[in-house]
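Here the structure is laid out as structure tokens; the discussion comes afterwards.
What follows is calculated from the coordinates using simple rules that are stated; it is not laboratory data. Predicted model only: the values in this text are computed from it and were never measured. For neighbour counting, all protein chains shown are included, and Cβ atoms are generated from backbone atoms with ideal geometry for every residue, glycine included.
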Amino acid sequence: MRFALVLMLLATTVQPLWAHPRLVRSAPVADGRLSAAPVAVSLTFNEPVNAALSRVTLLDAQQRPVLLAPLAVDPKDPATVVARVTGALRPGRYTVQWQAAGDDGHPVRGTFAFTITASPDKPGDAAPGPRQ
């Protein structure tokens, strides 16, 4: 009986040390297909994150970085970080690489992709031609 009580106490005491932020939601969503370019990349975790120890990179189909504003914690939700997109986005596939750290400072990383689709019946939405 005492042994089981000690194990339960240890499990509830040690468990928070193993906890790290876990991505629970993103905008754009992973593997999403968007008809318009997003204005921001938003990541929501299962716990508050430290923006100073976190980062988001957005890469185009050629793995070139797209300009983003500095990462900020959403004032309404400390578990959400947001980076406004300041660079141009054209139709194509994009990869989001992220790193987040919670109270323990231990970083966790991940990636996901989304696609901006071209709409053939909208002028100006056609895929860009080859670069010179």
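The three principal axes of the Cα atoms in the range 20-116 give end-to-end lengths of 38, 22, 20 Å, sorted in falling order.
Taken about its Cα centre, the range 33-92 carries a charge dipole of roughly 260 debye when the Cβ of each Lys and Arg holds +1 and the Cβ of each Asp and Glu holds -1.
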